[in-house]
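Quick note: the coordinates plus some simple rules give every number you see, no bench work behind them. It should be emphasised that the depicted structure is a prediction, and the values quoted were computed from it without experimental measurement. Cβ placement follows ideal geometry from the backbone for every residue including glycine, while neighbour counts extend to all protein chains displayed.
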Amino acid sequence: MAIHSVLSPLPGTFYRRSSPGQPTLKEEGDEVQPGDVIGIVEVMKQFSEVTVDIAGRIVRFHVDNEGAVDVGTLLAEIDTP
């Protein structure tokens, strides 16, 4: 068992929902597979999906919905088997 860090690829605003009023893309405790989208980073009205590259379970999000992020900001931790 190991913890894998998911870092922000861009500076901007981190969204845990695909659009306002929609449910969060992933919650703490959810299982994830490579390619799953866990959030979106918006920079100057351009939206980039944040995907995971490893299978596991989301242990914790470190940034709230609509939180400001920089490149390399820790977004979430994934517990891998």
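Listing for the model above:
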| quantity | calculated |
| --- | --- |
| Answer from ALA68, ALA76 - the residue that is over 10 Å from the mean Cα position of the chain (by Cα) and hydrophobic (A, V, I, L, M, F, W, C) | ALA68 |
| Matching residues in segment 37-47 - criterion: being surrounded by fewer than 18 Cβ atoms within 10 Å (Cβ to Cβ) and either touching a strand residue (DSSP E or B) at 6+ places or on another chain (Cβ under 6 Å) or in a loop (DSSP other than H, G, I, E, B) (or both) | VAL37, GLU42, VAL43, MET44, LYS45, PHE47 |
| Selection within segment 5-29 - within 12 Å of the chain's Cα centre (by Cα), surrounded by 13 or more Cβ atoms within 10 Å (Cβ to Cβ) and of a type outside the set (A, V, I, L, M) | SER8, PRO9, THR13, PHE14, TYR15, ARG16, ARG17, SER18, THR24, LYS26 |
| Cβ pairs under 7 Å, 6+ apart, first in segment 56-81 and closer than 21 Å to MET44 by Cβ, second surrounded by fewer than 19 Cβ atoms within 10 Å (Cβ to Cβ) and of a type in the set (A, V, I, L, M, F, W, C) | VAL71/LEU10; GLY72/LEU7; THR73/LEU7; LEU75/LEU7 |
| Of all residues making up segment 48-81, the number that are of a type outside the set (S, T, N, Q) and either on the phi > 0 side of the Ramachandran plot or assigned to a strand (DSSP E or B) (or both) | 19 |
